[in-house]
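Have a look at the structure below, then the notes.
Bear in mind that the values in this text are calculations on the coordinates, not laboratory data. Source: prediction; values computed, not measured. Here the Cβ positions follow ideal geometry from the backbone for every residue, glycine too, while neighbour counts run over all protein chains shown.
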């Protein structure tokens with residue numbers, strides 16, 4: 001019953017998911033964050049359970065570098081972190097023995113609050129006022145480029161779990177000029193798949209072809225390691241409807257880790273699974289922006305399927 005209750009709560013959260021207002025499930029993306037356009041200052045955010053540590057790299061008004069460490073409890077329910085900018089002195093140097101602990105200057109630069117809007121954007125309070133920060137993308141040419149590598153996608157349709165293992169290994173340009181990460185299922189079937197970041201929907205959208213003219217469609221808030229959102233199973237000749245089912249994504253391999261291996265053997269029982277039992281019964285129309293984005297994606301998937309075969 002706990003699993004069912006969790007799924008109900010997750011579905012409710014996903015149903016109201018927007019990039020502007022969404023309390024993260026599983027916590028915000030860890031790593032380097034920065035205010036777009038800034039040079040030389042940033043924030044390293046780490047999270048384990050509900051304990052968050054933020055390291056601030058910044059400069060004094062005289063131009064000297066300084067760092068602060070902030071630690072405390074991250075509130076998963078509100079997406080809020082509250083702490084202080086603490087500085088340290090008289091610590092250990094390179095090659096020096098660990099003879100004593102550094103001196104902690106609690107609240108040296110005042111209080112800190114971070115309000116996360118989703119897993120990749122937040123508002124940070126500083127001694128000089130508030131600052132909008134985002135997860136710093138330094139390793140990918142674009143947000144769509146973040147998809148390259150291998151991912152697992154899963155969706156839970158009324159307790160029936162299905163999904164895809166997809167290798168995105170090259171680019172495909174749609175007829176409208178949209179650039180997609182293109183690839184295939186990691187099995188002997190080699191079903192094609194496309195994914196891209198939709199600026200209009202503020203989320204990633206992915207479509208993976210299935211046997212029997214079915215498609216798995218996903219819309220996810222993602223960072224470079226995981227994703228959370230909604231998924232649909234539908235015929236390629238029809239559009240997704242309703243809120244979809246809870247869906248997740250997890251990275252298996254980065255692009256640099258992909259090696260030419262033989263495809264996983266096909267299990268005939270799985271390959272012939274009746275996808276029709278996974279088609280949702282909610283026939284309400286999708287939000288207009290998402291419907292348009294999926295229309296474009298599915299048209300591109302159809303064109304790509306033809307070119308790939």
Rounded if a/c under 1.5, otherwise prolate or oblate - the range 144-308, Cα gyration tensor axes: rounded
Tilt relative to the chain, helix 288-308 - C-alpha long axis, 0 to 90 degrees, to 10: 60
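Based on a Kirkwood Rh over C-alpha pairs, give the Stokes-Einstein translational diffusion coefficient of the chain at 4 °C and viscosity 1.567 mPa s in µm²/s. Could you put the intermediate results ahead of the total?
Numbers: Rh = 21.5 Å.
The estimated diffusion coefficient comes to 60 µm²/s.
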Spin-label pair residue 284/residue 175, simplified geometry with 7 Å Cα→Cβ offset, distance in nm: 3.3
Full-stretch length increase - residue 78, residue 64 - with 0.36 nm per residue and alpha-carbon distance subtracted: 1.5 nm
Ranked 287, 150, criterion: other C-beta atoms within 10 Å, fewest first: 287, 150
Cα shape, the range 144-191, gyration tensor, a/c 1.5 rule: prolate
The range 50-143, relative contact order in percent, only Cα pairs under 8 angstrom and at least six apart counted: 18
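For the chain, what does -39500 (n - 2.57) per DSSP helix run (n ≥ 4), summed and divided by total residues, give at 222 nm, in deg cm²/dmol to the nearest 500?
That comes out to -4000 deg cm²/dmol.
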Pairwise centroid distance, computed over Cα atoms, of the range 42-66 with the range 124-153, Å: 16
Helix axis angle, 2-15 relative to the chain longest principal axis, alpha carbon, degrees: 90
Gain upon complete extension [residue 126, residue 253; 0.36 nm per residue less C-alpha separation]: 42.0 nm
Whole-Å distance, taken between Cα centres, linking the range 92-115 and the range 189-217: 47
Residues 258, 286, sorted so that the one with the fewest Cβ neighbours within 10 Å comes first: 258, 286
